[in-house]
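So the structure is just underneath, and the comments pick up after that.
A short reminder: the numbers here are calculations on the coordinates, not readings from a lab. Just so we're clear, the structure is a prediction, and the values are computed from it rather than from any experiment. Here Cβ is always computed from backbone atoms with ideal geometry, including for glycine, and neighbour counts include all displayed protein chains.
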Amino acid sequence: MQYKKVVYVLALAGLVASPSLAFANDSTELEELRSLVQDLSQKVKILERKGENGDEVAAAAKLTTPVVKASSSGFSFASPDGKNEIKFRGLLQADHRHYYDGANDVRGRTNERAGNLNADGFHAAEDTSLLRRVRPTIEGKVSGKYGFRFTPEFAGGSASVVDAYVDANLSPALNVRAGKFKSSVGLERLQSGADIKFVERSYVTNAILPNRDLGVSVFGDVLEGKLNYNVGIVNGVADGGNISTGTEYNGEREYTARLFTTPFVDSANALSGLGFGIGGTWTDFTGEKNLNFTDTTAADATRNGLPSYVTEGQNTFFRYTSNAIADGQRIRWSPQANYYYGPLGILAEYARVSQDVSLATNGSPAAGGAAAGASVITAGTKKNLKHDAWDIGVSYLLTGEDASFKGVKPKQDFDLDKGGWGAWELVARYSEINLDNDTFKDAAGRYAAEGSANTNAFADLTKSAKSAETWTLGLNWYLNNNAKVSLNYARTSFDGGALQKGLAQTLNNNAANRSHDRDDEDALLARFQVAF
């Protein structure tokens with residue numbers, strides 16, 4: 001149509017401008033003029049058809065040309081209809097740890113093995129720089145409803161698999177996930193490692209609740225998105241554990257469940273940022289005690305089903321004795337809540353684990369290490385131990401951005417040329433963990449110690465503390481959507497966990513009388529992070 005208008009305008013202009021045409025009364029000239037107009041009209045139709053063909057070609061190309069995106073959220077290739085997509089993302093964290101005081105080993109090592117020992121017989125914590133997380137990620141979806149995620153880990157000098165799962169997103173209320181993924185139990189655990197407010201997670205998350213596991217879960221949002229549910233069947237891991245991608249040797253499965261609600265999310269008031277819920281796990285588990293390489297499968301310190309616990313500075317302050325073994329039910333439960341209002345954020349959790357534990361002798365119950373007809377579980381040693389932890393963390397954005405569970409978007413990026421200084425956030429947290437007193441007592445209720453005549457307890461109070469309390473203060477600087485610098489100061493105090501100064505380790509006939517509080521740990525933790 002546009003071409004036709006142009007031709008008609010030109011033709012009329014020619015008629016007006018040319019007297020020989022305007023006033024032509026000769027039939028031959030009129031025929032020539034009519035023929036000229038017809039030729040021009042035909043050419044216009046041809047041009048119009050070419051334009052239509054061009055539009056059709058462009059439209060067809062649009063239906064088949066991949067959509068390529070590059071942004072602060074990562075890089076992606078997608079089909080034009082958005083039903084098929086692959087994304088490339090990544091997280092890299094470079095840390096430095098400086099210890100004013102602290103110890104990195106609870107075992108009674110010699111100077112020859114551990115270097116210089118402090119007054120409690122421990123190896124003093126050493127300053128170090130490290131790569132905390134090096135995680136490229138490939139994720140995507142096919143046919144609109146089926147997704148996948150694969151995240152390896154290259155930190156620590158070796159490669160492992162962090163996440164590897166497939167999803168079926170059938171509806172907002174019904175989704176299925178299978179593979180290796182985060183156990184949906186704890187609140188802080190479900191927060192991305194790029195979005196956590198502190199350099200390290202709390203005792204609730206790192207000590208009690210499970211990390212990642214292998215299995216299947218069903219989850220979704222109901223009640224107009226105000227209630228999230230998740231139920232799963234997984235292999236099961238020790239407290240704070242992260243399962244390998246190998247097969248599960250025990251055969252006993254762990255059952256997980258969680259409910260979390262944000263009842264006021266659609267309300268325009270101060271309660272809109274409130275969320276709370278509860279999660280839990282249950283299993284019946286008998287661990288494997290790897291006393292040697294002959295009677296057991298490949299040595300793996302987690303196969304006995306029992307954990308070690310570390311401070312916020314990542315130094316071990318508690319471990320079970322070498323003959324302790326998980327031997328029965330393990331039940332965890334964890335009430336949890338968070339709240340966000342403008343620049344203010346609060347996250348609080350409690351966790352409790354109830355674990356049946358026994359003492360084992362003569363090898364592994366799973367590998368036939370005992371003599372014929374003998375039991376490898378020491379009769380009368382079974383106890384149900386209950387450990388708990390809790391924390392409350394507060395964050396406040398000094399630059400006025402809105403706090404959220406999923407990170408911070410600065411109002412202005414850090415830019416020396418334009419004068420932007422990013423977003424600044426103050427954080428503070430109190431976290432503690434308490435171990436059952438019976439962990440340190442024998443069947444007669446007496447405190448016991450390794451290397452003495454009285455050894456039949458599950459932990460040695462002169463080497464392992466029965467509680468740890470940590471205060472953490474910190475500052476986060478968000479340079480932009482992708483880069484963050486964090487600085488935390490963490491002070492941890494202990495109940496027990498060290499031998500009285502001047503006493504020999506082999507004289508611990510009564511751990512309660514010969515133990516004292518392990519020296520405080522003072523740690524400065526720094527991190528530079530890039531995530532996309």
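Apply the Karplus parameterisation 6.51 cos²θ - 1.76 cosθ + 1.60, with θ equal to phi minus 60°, to every residue of the stretch 401-411 and state each ³J(HN,Hα) to the nearest whole Hz, in sequence, with x for glycine and proline.
With the stated coefficients, the stretch 401-411 comes to 5, 7, 6, 7, 6, 10, x, 10, 10, x, 5 Hz.
Quick check: residue separation of Ala168 and Ser72 times 0.36 nm, minus the Cα distance between them. What number comes out in nm? Walk me through the numbers before you get to the answer.
Details: separation 96, 0.36 × 96 = 34.56 nm, distance 2.66 nm.
Between Ala168 and Ser72, full extension yields 31.9 nm more.
Where does the charge balance sit around Gly280 when Lys and Arg score +1, Asp and Glu -1, over other residues with C-beta under 12 Å from its C-beta?
Details: positive: Arg258, Arg330, Arg332, Arg352; negative: Glu254.
Around Gly280, the charge tally is +3.
Calculate how large, on average over all directions, the projected area of the Cα convex hull of the stretch 137-216 is; give the answer in nm² to one decimal. Mind showing how you got there, number by number?
Values: hull surface 25.2 nm².
That works out to 6.3 nm².
Spelling out what I want: for every residue of the stretch 432-445, take phi, set θ = phi - 60°, compute 6.51 cos²θ - 1.76 cosθ + 1.60 (Karplus), and round to whole Hz; glycine and proline get x.
So the J values, rounded to whole Hz, are 8, 9, 10, 9, 4, 4, 5, 4, 9, 10, 7, 4, 8, x.
If the cut-off is 22 Å between C-alpha atoms, which lysines fall inside it for Lys197, apart from same-chain ones fewer than 8 positions away?
Reachable lysines: Lys182, Lys406, Lys409, Lys411, Lys484.
Taking the alpha-carbon distance from Lys463 and a cut-off under 29 Å, which lysines remain once sequence neighbours fewer than 8 residues away in the same chain are dropped?
Lys289, Lys382, Lys383, Lys386, Lys441, Lys501
From the backbone phi of the stretch 479-489, what are the Karplus-calculated ³J(HN,Hα) couplings (6.51 cos²θ - 1.76 cosθ + 1.60, θ = phi - 60°) in whole Hz, Gly and Pro given as x?
Here the 3J(HN,Hα) series is 5, 6, 5, 10, 10, 8, 10, 10, 9, 10, 10 Hz.
When a/c is below 1.5 the answer is rounded, else prolate if a/b is larger than b/c, else oblate, so apply that to the stretch 375-444 with a ≥ b ≥ c taken from the square roots of the Cα gyration tensor eigenvalues. Please report the intermediate quantities before stating the final value.
Numbers: a/c = 5.50, a/b = 4.24, b/c = 1.30.
It comes out prolate by the Cα gyration axes.
Sort 320-326, 458-464, 30-36, 255-261 by packing, meaning the average of other beta carbons within 10 Å per residue, with the highest value first. Numbers along the way, then the final one.
Values: 320-326: 22.1, 458-464: 29.0, 30-36: 11.9, 255-261: 18.7.
Ranking the peptides 320-326, 458-464, 30-36, 255-261 by packing returns 458-464, 320-326, 255-261, 30-36.
Determine which lysines satisfy two conditions relative to Lys145: a Cα distance under 17 Å, and not lying fewer than 8 residues away in the same chain.
Qualifying lysines at Cα under 17 Å: Lys83, Lys87.
Report the relative contact order of the stretch 137-286, percent, no decimals, based on alpha-carbon pairs under 8 angstrom and at least 6 residues apart. Walk me through the intermediate numbers first.
Values: 313 pairs, mean separation 25.2, N = 150.
Relative CO of the stretch 137-286 lands at 17 percent.
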